[in-house]
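The values are calculated or read from the model by the stated rules, or taken from the named source; none is laboratory data. Everything numeric in this text was worked out from a predicted model, so none of it was measured. A quick note on method: Cβ atoms are made from the backbone with ideal geometry, for glycine too, and the neighbour counts reach across all protein chains shown. Each accessible area value is taken on the protein alone, full model and side chains, heavy atoms only, with ligands, DNA and RNA left out. Shrake-Rupley method; radii C 1.70, N 1.55, O 1.52, S 1.80 Å.
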Amino acid sequence: MSGTDGIQYDSAIGRRIKAVRVLRGLTQQGLAQRAHLSYSAVTKVESGHRPATAAFTAACARALRVPVTDLTGQPFIDALREDQLDQLIQPLRAVVASPLLPVECVRPRPVGEVREAVIRLDAARLRADYVAVGTTAPPLLDELLTLAADARGSERDGLYDDIGFTYRLASAMAYKFGYHDLSLLALERASQAAHVATDPLVAAAVAEARSKVLLSWGQHEVGRAEIARAGTIVADAADRGDVRALSLRGSLHLKSAVLSARTRSSTSAQNAAAHLDEAGTIAERIAGHPDPYGLVFDTTNVEIHRTSVALELGDPGRAVEHGEQVRMPRGWAASRTSRHHMDLARAYERLGRAEPALRSLVAARTASAIQTRHHPGTRETVLALLRRHRTPPRPLASFARWVGV
């Protein structure tokens, strides 16, 4: 169904799931059984009467043996080109595809200047300035690798700390735009750098990042294994009270909470709550300390995870009740702020509260326009809101056009 402005009201993800299901020769009941989903959920998502959650989409992708991005439609090439973001991917792909070797034609700046550039790049990531990350990361990696080839001792090891961190920043950007394979390859480069780095805990930070991509694919067992591996790496230092290790352990509890919610077992809610409580205790314990691995692990992050976990557990009322109370500190990570508002928008839509849902989407756009525009959850929420109107209100129609649906 479409309105007078030509906007499509049906669910894009539902259509893609149906198309691949038919190609695989599966009935809706067959997909439901293979994906461990209810038949009702499959029929409602395919018909556009229910938006696809991240967990639902991942389960279908795993059952249909396709990448999650095949079902979400990412990367949204037309939107990327309109925003001139597609041109950032190829340089990133080139530097990630190359082994950790120096680049002969590069004339790097002094070590101090290059390491300061890494700090500025991280600040851009916290502002959700992905244009700056995509533009700066590839040539910065070339400089870092060239410097590391000639460095010795602690200076060399420190440069590999920065190399691994920059690859993780590049991975995060690729993930945001829907290039998940590129994101994982960047994390593989970060893992290689971690073997040379001075900090033995960096390997855990890489595993934590990898678990996020794997969980988004519905690879729960592999994601669980990555979380467990990271937990083993940090265990001794965290038990001694090392703040860096505690930051990692807390972040791993947040990942475990999401994993527990997505597995939808009889103990999911209990297990997720236990992980969130553990994370909250750690966050209070290390409050005020620096964020050594760019994880933005603090009490605010724990609270926004309480909102997202409630939503994953199928309780939008609780998600809204809690999410409305969360207050972001001034200057806090824009990408996390944006994602929280996207989660709230989805919860409001599930409750049939269209106006606050749209307000939350606008708040997400204010925090990070690029992330909001290129996130599949935004499109699904907008499509669900459009289905509620024969002729959508002008603000909603305008937002839908901005998103590209």
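Put simply, of Leu169, Leu121 the only residue that is closer than 16 Å to Arg210 by Cα and touching a residue at least 40 places away in the same chain (Cβ under 8 Å) is Leu169.
Of all residues in segment 170-213, which are within 11 Å of the chain's Cα centre (by Cα), over 21 Å from Ile119 (Cα atoms) and buried (at least 24 other Cβ atoms within 10 Å of the Cβ)?
Across segment 170-213, the qualifying residues are Phe177, Arg210, Ser211.
The residues in segment 61-81 that are part of a helix (DSSP H, G or I) and either in contact (Cβ under 8 Å) with a residue 60 or more places away in the chain or in contact with a strand residue (DSSP E or B) (Cβ under 8 Å, 6 or more places away or on another chain) (or both) can be counted, and the count is 8.
Restricting segment 214-244 to residues that are outside any helix (DSSP H, G or I) and open to solvent by less than 60 Å² (accessible area, probe 1.4 Å) leaves a set whose member that is farthest from Leu169 (Cα to Cα) is Gly241.
Can you report the number of residues in segment 367-404 which are over 18 Å from the mean Cα position of the chain (by Cα) and open to solvent by 40 Å² or more (accessible area, probe 1.4 Å)?
Residues meeting the conditions: 12.
Residue pairs whose Cβ atoms lie under 9 Å apart, separated by 6 or more positions or on different chains, with the first residue in segment 195-213 and over 9 Å from Val234 (Cβ atoms) and the second open to solvent by less than 10 Å² (accessible area, probe 1.4 Å) and β-branched (Val, Ile, Thr), are Val196/Ile163; Ala197/Ile163.
Just one of the listed residues (Ala128, Ala94, Ala124) is at pLDDT below 95, touching a Pro at 6+ places or on another chain (Cβ under 8 Å), open to solvent by less than 90 Å² (accessible area, probe 1.4 Å) and small (Gly, Ala, Ser), namely Ala94. Where helices (runs of 4 or more DSSP H) sit wholly within segment 266-353, none has at least 3 residues that are more than 19 Å from the chain's Cα centre (by Cα) and closer than 28 Å to Asp129 by Cβ.
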